[in-house]
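Q: There's a structure below that I have some questions on.
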Number of protein chains: 2
Amino acid sequence: MVEDEESVRDLVSMYLKKEGFRVETAEDGEKALTMARSFAPDLILLDLMLPKLDGWAVCREIRKTTSVPIIMLTARGEEFDRVLGLELGADDYITKPFSPREMVARVKAVLRRAKLAGKQNTVLSYPGLLIDHSASRVEAGGREIQLTPKEFELLWFLASHPRRVYSREQLLENVWGYAYPGDPRTVDTHVKRLREKLKNPGAKNYIVTVWGKGYRFETAE
Amino acid sequence: MVEDEESVRDLVSMYLKKEGFRVETAEDGEKALTMARSFAPDLILLDLMLPKLDGWAVCREIRKTTSVPIIMLTARGEEFDRVLGLELGADDYITKPFSPREMVARVKAVLRRAKLAGKQNTVLSYPGLLIDHSASRVEAGGREIQLTPKEFELLWFLASHPRRVYSREQLLENVWGYAYPGDPRTVDTHVKRLREKLKNPGAKNYIVTVWGKGYRFETAE
DNA sequence: AAACTTGTTCACAAAATTGTAACAAATACC
DNA sequence: GGTATTTGTTACAATTTTGTGAACAAGTTT
């Protein structure tokens, strides 16, 4: 919570703490930046009018390094450029005076959205192949095909980085998890099974072997 | 969002995502149809000028199967036949260039309307299956079947989001309530009893297991 | 209070998956 | 051509997940 007026700071802090949030405060822009760097907050409430460094500048600085959700606070009458706010990467704004309940509700809403945000754009689509990650669905040639969880994650990873070659070790790390202890040849088996299931409708072979290197996802020629 | 120009796609995506929407994009009419069939969007933003299959055709195709809200995008000067648009079932149209704010506002307005329209409709109907939420009645194969409250709510939730996979945890959250402390395997038992009751008239199995993921409601193939 | 309904949990069986090893085929190199 | 290396394929065992039936608990109705 970045705000120069002590009374507003205390009020906002109190209500958020009541909801179970942990709240840290800063009274000017410079201190805000220092704090934002030293510990990673889940959300920043940022007043526009600040000593030393105004809200716009703070927002711009923060956005250079993180994508933490930011809610801007503006005094009524203060002209607020919404488009500029969005471009700088603010997630919402509240005009003062505001009701504490509204403020809390917006904080919660932004946090909820932020949680979902990482999962957006979950559909990959190539000629004759459609992969929807959030629905765990794959269509090949208009027909849905059933993949096992590992097969699905492997296909998703490869299709997310088309044309790029990955070694078996890299695939194990990215799909199976860090420091996977098992046999790299495990990947071969899964690739084979994937090819089997994907080739059904006579579509081309999306997963290509790069001899001596690994595998890659081939886009249309 | 169906649009062939990448810059417009990215701009619209960015603004909608900032508002918390999940956005998937397609760059031509054919891809749009494939995607619209594979996962059910809440709204479609549809450019008129598209490669392969123009906006009119896409709209006509989509309307054959669903009543999803459609907003048409037209370039200024491009002749736009409003009457034809309405007849094909478009819900609104925006002329380019448009301000992002206006676009977001219209999307929200159309969704608001659609939501209200949907609320009145408390009946879900699939081949051989009819679910009336307001009356808490279920008919399978023309015969009424008795479900317990939890069974009913579970079926309703799944049937309201067809084709989409839900993990046991997600189902507990959505049907039982947030932060349900109990055993996720409880869902299995309810699914089992639901299947038992639904299969009576030899109808197909609507509730499908997705191995390693959860369950989903399958529409007719 | 007894009978019944509903929801939950547990244990075990059944099914699907994943990982590994062995062998065959393909490729690069000399 | 011959050899070593890499990749494809197959089979099988180990593991994980799901289906099922029964038991138990809590709440409702009779």
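Q: Give just the number: which of (1) part of a helix (DSSP H, G or I); (2) modelled with pLDDT under 80; (3) within 24 Å of B:Arg37 (Cβ to Cβ) does B:Gln170 not satisfy?
A: Evaluating B:Gln170 over (1) part of a helix (DSSP H, G or I); (2) modelled with pLDDT under 80; (3) within 24 Å of B:Arg37 (Cβ to Cβ) leaves (2) as the failure.
Q: Can you find a residue in segment B:161-168 that is surrounded by fewer than 17 Cβ atoms within 10 Å (Cβ to Cβ) and within 16 Å of DNA strand D (Cβ to nearest atom)?
A: Yes, the conditions are met somewhere in segment B:161-168.
To keep it simple, each residue is scored yes or no on (1) of a type outside the set (A, V, I, L, M); (2) at pLDDT below 90; (3) touching a Cys at 6+ places or on another chain (Cβ under 8 Å).
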{"site": "A:Glu87", "(1), (2), (3)": "yes, yes, no"}
{"site": "A:Arg101", "(1), (2), (3)": "yes, yes, no"}
{"site": "A:Ala109", "(1), (2), (3)": "no, yes, no"}
{"site": "A:Val165", "(1), (2), (3)": "no, no, no"}
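Q: Same structure again: State yes or no: is B:Leu147 more than 15 Å from DNA strand D (Cβ to nearest atom), farther than 27 Å from A:Arg137 by Cα, more than 14 Å from every other protein chain (Cβ to nearest Cβ) and of a type in the set (A, V, I, L, M)?
A: yes
Q: Taking the condition within 30 Å of A:Leu154 (Cβ to Cβ) and either at the interface with another protein chain (Cβ under 8 Å from one of its Cβ atoms) or modelled with pLDDT under 60 (or both), does A:Leu116 pass?
A: Yes, satisfied.
Q: Given the structure, is B:Phe157 surrounded by 15 or more Cβ atoms within 10 Å (Cβ to Cβ) and near DNA strand C (Cβ under 9 Å from one of its atoms)?
A: Values: surrounded by 15 or more Cβ atoms within 10 Å (Cβ to Cβ): yes; near DNA strand C (Cβ under 9 Å from one of its atoms): no.
No.
Q: Within segment B:23-39, work out how many residues are assigned to a helix (DSSP H, G or I) and facing chain A (nearest Cβ under 9 Å).
A: 5
Q: Scan segment B:198-218 residue by residue and report those that are modelled with pLDDT under 85 and either more than 14 Å from chain A (Cβ to nearest Cβ) or within 8 Å of DNA strand D (Cβ to nearest atom) (or both).
A: B:Leu198, B:Lys199, B:Asn200, B:Pro201, B:Gly202, B:Ala203, B:Lys204, B:Asn205
The values are calculated or read from the model by the stated rules, or taken from the named source; none is laboratory data. None of these values were measured; they are calculated from a predicted model. Using ideal geometry, Cβ is built from the backbone for each residue, glycine included, and neighbour counts are taken over all protein chains shown.
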